[in-house]
Amino acid sequence: MNTALLCRKLIFTQVLLGIVASCMAERSPGLLLVAGAIGAMSWYVTEGPRGRTIPRWSVNLGALLAMAWLAGEMMGRRVSVVVAMGHFTIVLQLLMLYMRKTDREYTQLLVLSLLQMISASVLSVSMIYGIFLGIYCVVALVTVLLFHLTTAADRVHAANVKAAGVGPRPVRPETQGSLKARRHLIGSTVVFGFVCGTIAAAVFIVMPRTGKSGLDLTGPANGSPRQAGFSNTVQLGTGPIGTGSREPMLNLTLSSHGQPVGHPDEAWLVRGVALDHYNPQNHTWSRSNFAIAQDRVVAVDALDRAGAASVGRRTGLYEAEVALRDVRHRAIFSVVSVPFRRGSSGFVLAGFESDNLYDVSYSPLDQQLRATETVIGGSSYRLAWPITPPRHDPKTERKVSPLDELMRQTKVNPPRSEGTSFSFNNSSVVSPRGEETPEITIQTYSRGWNVETRRIRELAQSVIREAGLERDLQALHTPDDLAIASVLAEYLREHYEYDLVNPVPLRGQDPIVTFLFERRRGHCELFAAGLAAMCRSLGIPARLATGFRASEFNTIGGYYVVRQSNAHAWTEVDGGPGSGWVTFDSTPTASVQAEHRAPEGWLSTLRAAYEHIEFAWIRRVVAFDSRTQEQFLENAYQSIAAIGHRAEAWFGRVRDQVFKLGHRTHFGRLQIVALSIGLLGLGLAAVLLTRSYLNRRRRLARLQLTRLPGDRRRDLGKRLGFYLTMLDILDRHGHRRPDWQSPRDFADQLTREHPLRFDPVVALTELFYDVRFGQRETDAADHQLIQAHLKRLEYTAVNRHE
Amino acid sequence: MAAARESHGKTFRSTPIRQIIIDMKPVRTRVRIGSGGVLYLIVSLMILASAFYTQANLLFWGFGLTVGGLVVSLGAAAVALRGLGVSRIVPRHGAAGEALALRYHVHNRGWLPVFGVVIREDQGRRRGQHKKAGSVGTWGGMLAGAPQAWLLHLGPGQTAQTAAPCRPQRRGKLRFEQIEVSTSFPFGVIHKTVMFVQENDVQVFPHLYRARRQLLGSLTAGGVDSAQTLDRGGGGGDFFGVRPYRPGDSPRNIDWKRTARTGELVARELTMPSPPLLNLVLDLRETPPMAVSGKSSGGLSGVQSAASGRQLEERAISLAASLICDAYLRGFKVGLKVLGLPDVSFRAQHSLSHRTQLLESLADLDLNQPRDESASPDLRQAADVVVWAGRGSSLPLRLDGTGRTASVVGAADFDRYVSMPTALDKLESSDAKWRHSTRRPPRSAFSGGVQQMMEATA
């Protein structure tokens, strides 16, 4: 075991592991490919046969360029400081891998690698990254141990060189460890790792959490995966859309009255954003400024209190726990039932609880929840909503959620300035700035349609007319509004085809018009927009809702797995007083189900198992919050108390048994204590004897005496101990005899290397053969000779260059 | 090893080395933040700050690992070096500029292995003085730094030997007082040091150089082959005379013919061989001026112009020591007299112990002592070779009042007498260019022999 060489290899491995883990955390395969290849090549270039390094000035120049790149990324591309620092450290490490390295450079590499893992740990919640982190920690532990030993030897060598003055340079301290040293080092590493891991677990559990992060990772290039399905705006007519990856977005656990709710055949809609404004210029649905102005920032505690215990008492509550897998955005998803033919009731928030969020913005107008701060990956929150629709308020003739009273008492937020806006309209596609939107009031909210209005209205009227329905275009609400919406949704489901091709609209034509009258096929957003357009053309308030369709139920964990490919859009229609906003899904159900169907087979089962483990990792480790902490500590305290009680009871029983035994055997307490001590001593002696026996067996095995008769074996084992001592000395100094090599061959090999230095080995080997096979008895003179040879061997082994 | 060792003023004779080590008790134990400790703490605090700022749970885990590392370091420091015994083994003599075999026997009687053990010589830190600033000794300028040895691993119950490279730079008495054993395993965070007291003195001879091959022959009147026979009986091979037999005479020496003729036992007496003689006088009565002027030869001109009087005197002592060693190897009986300094006068003899005595006396010369310039004439008249700090003479010096001549060897013409010219001021300078040079500096012909000699005379 050459610690210096091993240390260099381990540092190289650790740096590469850090780079790979960082690229994984950023989900950047391109960076992984480039940085990994450059880093891996560095070993061949610097440590290979030619061993070339780049000069220091070029490394310094590269570091300056990397700093410029860092500044450019942070200021130009507005990349988060964490991601930018990750890139910066990767570049620095790659540069340093190619330069000539002393202990100082190796120390810098280790610190840089550690910094990189810190930044990567902020970015990633993946269990694969967690596994990488674990491997990294193990490698880092061994590396630091060996690096410390190597640097200590180097420091000693440097001091000796300095002290030597003129003359030949002193011999470098020997970093070649023996087999025993390796064993002891491995044992120490295991013990240190176990202790460190245990203490780390304890610190992890008891460290207080505030739950409030100071980082904003919502930028466009901050390592979060691009989302093919869900977004805060919907832009139509942009050509084909992908199905999105099958990467899990979130896990949804549903329960009602404390019982789990969920089934592989039952789907739910995970509602993200309600979009009430359509811009015909860029064909984009977005949230109107009027809706944004209704947002109120509410403390999570207030929402929780207002969650409505009263509603729960009256109607019962659905509860959902949403565990986000990764940092995405500030949207908070709610849950609604999948609508059937007549639609399903819209979402009405009754309670909200989270350990990761202090406050959220909530709009009773569109039941829109949104985080006011970035939530670091792996956050979770819990929602509650009534099972049955809320009561009807006859005074206001509006459906009232339990939070509405709270909202009325809450100060309305002023319209947000552009710079600080965190509204959903802040995407680069649609900006509220400078956009001329019609003035919206509560009466005109989600009403009106100005794109091919007459044509769409005629289509809608013809459809409802066939169903025997009519609608007054001027009426705000009519009792048939929901029936009309239902007919129109049914019409789209039956006469239009679901397709992900998303054809580009005809030149100068609106995509919705192209969908309704020309192509008659499209994806879910076109279906939802078409239904909203037809409803609005008839005077019925309608809006788009985007989110996910949760249909993949993980039976192992009892929760729904929502993936990016499950992104979906649907329509919400206002049914008027007494009904409220009702959810309609005009997309052909069978097509959507086929599209979202989870693959079957053992691979999918395996994947489900992996995702369950990863979910547990996220919930127990990544999303470990103060609530979980309290629960864990409470459970731990109770467990310890229970163990204490059990131990007390057990000792009491043992004491009683001992006293009973004393009564039965007429022993006094003193005798019993003496007996116990005697038994303990016997046990200890047995352990020591066993250890001694095992040691003796090992020595006999090394001397290959195990097949001899017992007395001969013991006798030779004692007399040949000097040979094992000699082997130990040689082993300490890097000369280990392989098992296949005979003692004579070993001695010959050593003397060929250095005839004078290993003279004692030859003498001791000859004595070994004499004793082992020549029946030679050793006397006091032999013992003195053996001691002299061993001392000389130790001396020559230490002063190996003399 | 049954050699006599001194420790705590106690002399161990015929004591096994392991017993000596076991008897060694550390006098002081010290625990402090190690060299990597500050960096470790900074990184730990950085992880903690990042964890609180980002609330990323993995960073809390990482901080826990660093806390674990700190606890492990404290625990390791608590148990490390317990039961460790160290014994220094040094020869009695060394030579300036030569490697000194400084070895340590280390025994671990604890039940845990120790790793990364640094053994360092420490001087000037006696008990209660370790807090004094700048108390690190410099061994009187004889060493450029503290010799250090290193052990990668020492298992429980194991004894190992390690060596510290040590190269004295000047002649004199080198005193080793304390052994500092330290480790900062596992992470370099905590540095634990234990101190052992073991005092050893090493007599460091002057620099020994290879004298030119013909030098000794040219300096002495008879040359190196000038072995003579004395006019008296001895153990030689030539016939000297006969005398009556004395009890104790070898029967082989009986002259049987003469015995038969005279009727009394008569023994033959053989001549006594006499080895060549070298009476060396080291004249240190006056110190030459700071710079030596005059002719210079070759590459030593720069050195000569820079050589101070003290350096020339040191050269003269080195020249004398080199001549003594050369003469001893060639079978000369060597006598030594030092003029200017008191009590240094040895009759000519030829033995290893005599040579060692001469070198010891040269090593002990204190040039700071007041000089006695009134040397008696007979001292000068008994000289075959006079070594002094000035210029040498190519012609023999005729001594006053007698017909004898003496050769004068001058330290200023150093390169005339040694086969490899050496810049002594560079040797004495702590900032020598040789240190990082790939050129090997000149070594004396006794480089190997000095080690053996030191072992033999220990």
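Volume of the convex hull of the range A:652-802 (Cα atoms only), normalised per residue: 210 Å³. Calculated [222 nm] ellipticity per residue, helices only, for chain A: -17000 deg cm²/dmol; basis is -39500 (n - 2.57) per DSSP H run with n ≥ 4, divided by all residues, nearest 500. Pairs from the list A:Lys791/B:Lys173; A:Lys718/A:Lys791; A:Lys101/A:Lys162; A:Lys162/A:Lys791; A:Lys162/B:Lys173; B:Lys25/B:Lys192 with a Cα-Cα gap above 23 Å: A:Lys791/B:Lys173; A:Lys162/A:Lys791.
Ordering A:Ala608, A:His596, A:Gln509 by the projection of their Cα atoms onto the charge dipole of the range A:488-618, which places +1 on the Cβ of Lys and Arg and -1 on the Cβ of Asp and Glu, puts A:Gln509 at the extreme positive end. If only the Cβ of Lys and Arg carry +1 and only the Cβ of Asp and Glu carry -1, the dipole of chain A around its Cα centre is close to 3740 debye.
Counted over the range A:503-583 with a bin width of 10 Å, the fraction of Cα pairs per bin, in whole percents, is 17, 34, 30, 15, 4, 0. Per residue of A:195-208, other chain Cβ atoms within 10 Å of the residue Cβ number 6 on average. In degrees from 0 to 90, rounded to the nearest 10, what is the angle of the helix A:103-123 Cα long axis to the longest principal axis of chain A? Here the helix axis deviates by roughly 30 degrees.
Given +1 at the Cβ of Lys and Arg, -1 at the Cβ of Asp and Glu and no other charges, the dipole of the range A:134-197 around its Cα centre is 160 debye to the nearest 20. Entry for chain A at q = 0.06, 0.07, 0.09 Å⁻¹: log10 I(q)/I(0) = -0.60, -0.74, -0.97, Debye formula applied to identical alpha-carbon scatterers, no solvent contribution. Each of A:Ile387, A:Leu250, A:Ile729 was placed along the dipole of chain A (beta-carbon charges, centred on the mean Cα), and the one lying farthest toward the positive end is A:Ile729.
Against the empirical curve 2.2 N^0.38 Å, the C-alpha radius of gyration of the range A:133-174 lands at a ratio of 1.66. Axis angle, to the nearest 10 degrees, between helix A:481-495 and the longest C-alpha principal axis of chain A: 70 degrees.
Ranked for footprinting exposure by Cβ neighbours inside 10 Å, fewest first, B:Arg92, A:Arg454, A:Arg56 give A:Arg454, A:Arg56, B:Arg92.
In a fully extended conformation the segment linking A:Arg78 and A:Thr102 would gain 5.0 nm over its present Cα-Cα distance, using 0.36 nm per residue. Here the alpha carbons of the range B:135-202 define both size measures, Rg and Dmax, at 14.3, 41 Å.
Ranking A:Ile484, A:Leu473, A:Gly522 by how far each Cα lies toward the positive end of the dipole of the range A:458-537 (charges on Cβ) leaves A:Gly522 at the top. Ellipsoid fit via the Cα gyration tensor, the range A:579-623: semi-axes of 31, 21, 5 Å, each the root of five times an eigenvalue, largest first.
Each listed q (0.14, 0.20 Å⁻¹) maps to a log10 I(q)/I(0) for the range A:2-143 from the Debye sum over equal C-alpha point scatterers, namely -0.63, -1.27. Could you state the angle between the C-alpha long axis of helix A:127-164 and the longest principal axis of the C-alpha atoms of chain A, as a value from 0 to 90 degrees rounded to the nearest 10? Taking Cα atoms only, the helix is inclined about 40 degrees.
The equivalent ellipsoid that matches the C-alpha gyration tensor of the range A:535-636 spans semi-axes of 36, 23, 10 angstrom, in descending order. FRET efficiency for the A:Leu661 to A:Tyr693 pair, using the beta carbon distance and R₀ = 41 Å, is estimated at 0.80.
With r as the distance between the Cβ atoms of A:Asp728 and B:Met272 and R0 = 60 Å, compute the FRET efficiency 1/(1 + (r/R0)^6) and round to 0.05. Efficiency, rounded to the nearest 0.05: 0.60. Fully extending the segment from A:Val654 to A:Asn282, taken as 0.36 nm per residue of separation minus the present Cα-Cα distance, adds 125.6 nm.
By the equivalent-ellipsoid construction on the alpha carbon gyration tensor, the range B:62-117 comes out with semi-axes of 37, 15, 6 Å, ordered largest to smallest. Here the alpha carbons of the range A:711-790 define both size measures, Rg and Dmax, at 12.5, 38 Å. The ranking of B:Glu180, A:Glu321, A:Glu497 from fewest to most other beta carbons within 10 Å of each one's beta carbon is A:Glu497, A:Glu321, B:Glu180.
Once you divide the Cα radius of gyration of the range B:302-367 by 2.2 N^0.38 Å, the number left is 1.20. The value obtained for the range A:458-535, namely the Cα convex hull volume divided by the number of residues, is 92 Å³ per residue.
Values in this text are rule-based calculations from the coordinates and carry no lab data. Note that the structure is predicted; figures quoted are calculated from it, not measured. Methodologically, a virtual Cβ is constructed for each residue, glycine included, from the backbone with ideal geometry; neighbour enumeration extends over all protein chains shown.
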